[in-house]
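Student: Sharing a structure below in structure tokens format, with a few things to ask.
The values are calculated or read from the model by the stated rules, or taken from the named source; none is laboratory data. This structure is a prediction, so every number in the text was calculated from the model and none was measured. Counting neighbours? That spans all protein chains shown, and the Cβs are built from the backbone with ideal geometry, glycine included. For accessibility, only protein heavy atoms count, side chains too; no ligands or nucleic acids. Shrake-Rupley method; radii C 1.70, N 1.55, O 1.52, S 1.80 Å.
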Amino acid sequence: MAIRKILEFPDPRLRTRAARVDVVDTRIQILIDDMFETMYDANGIGLAASQIDVHEQVIVIDLSSDRTEPRVFINPEVKITDDSLEGFEEGCLSVPGFSESVERPKAITVKALDRNGNVIDEQLTGLLAVCLQHEMDHLQGKLFVDYLSPLKRQRIRQRLEKEQRRRA
């Protein structure tokens, strides 16, 4: 397993739409392991492959505090089952140091493949539903800052660009 570099906003590669995974093979399973290691190292709860510059439809999530509930979603397809919106404070490993309230549908169903290529078809609510929707946005080249006002988005962009120049 390896820790991969997480792309940070406003990197244009974060706007790339991810392709479907044709075969869940050893290469994808190694990618999944690397994604979990990267996410855990960054103290995150979700990571899309797009965030590490691999533009394939792979998402990993673990909401547990002790890292014992890893979830994998390959080629996820989501349907909204309750379109009433609920606001959650969202942060993002690609937008470090910032969080904002984003409203998303309360309940969804997801159909996807797990790390072994088996079909998952289940109803999600609460934080898991929010997290999956957030990561699905990454697969479409969208970030949580896109839900914010242009002024907030610009301020975040400027602060991150300044921090990135400082580190370089």
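Student: For the chain, build the charge dipole from Cβ charges (+1 Lys, Arg; -1 Asp, Glu) around the Cα centre, then report which of LEU124, PHE73, LEU148 sits farthest towards its positive end.
Tutor: LEU148
Student: Keeping every protein chain in place, order ASP34, ASP53, ASP83, ASP66 by accessible area at 1.4 Å, biggest value first, i.e. largest first.
Tutor: ASP83, ASP66, ASP53, ASP34
Student: While we're here: Over all Cα pairs of the chain, how is the pair count split among 10 Å bins, expressed in % and running from 0 up to the last occupied bin?
Tutor: 10, 40, 37, 12, 1
Student: Is the stretch 67-135 best put as rounded, prolate or oblate by its Cα gyration tensor, with a ≥ b ≥ c the root eigenvalues, rounded for a/c under 1.5, and otherwise prolate when a/b is larger than b/c, oblate when not? Before the final figure, lay out the partial values.
Tutor: Details: a/c = 2.38, a/b = 1.30, b/c = 1.83.
Note, shape of the stretch 67-135 comes out oblate.
Student: Per 5 Å bin from zero, what fraction in whole % of the C-alpha pairs of the stretch 49-106 is there, up to the bin with the longest pair?
Tutor: Going from the shortest bin to the longest, the percentages are 4, 13, 14, 22, 31, 14, 2.
Student: Given a Förster distance of 22 angstrom, what is the FRET efficiency for ASP41 paired with LYS152, based on the Cβ-Cβ distance and rounded to 0.05?
Tutor: Efficiency, from the Cβ-Cβ distance: 0.20.
Student: Which value, in debye to the nearest 20, gives the size of the charge dipole of the chain about its Cα centre, when Lys and Arg are +1 and Asp and Glu are -1 at the Cβ?
Tutor: 900
Student: Related question: Taking amide H positions as placed in the peptide plane 1.01 Å from N, state which residues far from GLY141 in sequence (5 or more) or on other chains have amide H under 5 Å from it.
Tutor: Amide H to amide H, under 5 Å and 5 or more residues apart or across chains, GLY141 pairs with ALA18.
Student: Let me ask something else. Can you compute the charge dipole magnitude of the stretch 87-162 about its Cα centre, using +1 on each Lys and Arg Cβ and -1 on each Asp and Glu Cβ, nothing else charged? Give it in debye, rounded to the nearest 20.
Tutor: Using Cβ point charges on Lys, Arg, Asp and Glu, the stretch 87-162 gives about 400 debye.
Student: Related question: Rolling a 1.4 angstrom probe over the protein heavy atoms, how many square angstrom per residue are accessible across the chain?
Tutor: Heavy-atom SASA per residue in the chain reads 53 Å².
Student: What relative contact order, as a whole-number percentage, does the chain give when Cα pairs under 8 Å and 6 or more residues apart are counted?
Tutor: Working: 306 pairs, mean separation 39.8, N = 168.
Over the chain, the number comes to 24 percent.
Student: With θ set to phi - 60° and the Karplus curve 6.51 cos²θ - 1.76 cosθ + 1.60, what are the ³J(HN,Hα) couplings of the stretch 94-108 in order, to the nearest whole Hz, using x for Gly and Pro?
Tutor: Each residue of the stretch 94-108 in turn: 8, 10, x, x, 10, 8, 8, 6, 10, 8, 9, x, 6, 9, 9 Hz.
Student: Please give, to one decimal in nm, the separation of the simple spin-label points placed at ARG159 and GLU69, each 7 Å out from Cα toward the Cβ.
Tutor: Reported label-point gap for ARG159 and GLU69 is 3.0 nm.
Student: Right, next: I'd like the FRET efficiency for LYS5 and ASN118, computed as 1/(1 + (r/R0)^6) with the beta carbon distance as r and R0 of 41 Å, rounded to 0.05.
Tutor: Step by step, r from the Cβ atoms, then E = 0.85.
Student: Hey, another quick one. Show me, for the stretch 77-85, the HN-Hα J-couplings you get by feeding each phi into the Karplus relation (A = 6.51, B = -1.76, C = 1.60, θ = phi - 60°), rounded to Hz, glycine and proline as x.
Tutor: Each residue's phi maps through the Karplus curve to give 10, 10, 10, 7, 10, 9, 7, 5, 9 Hz.
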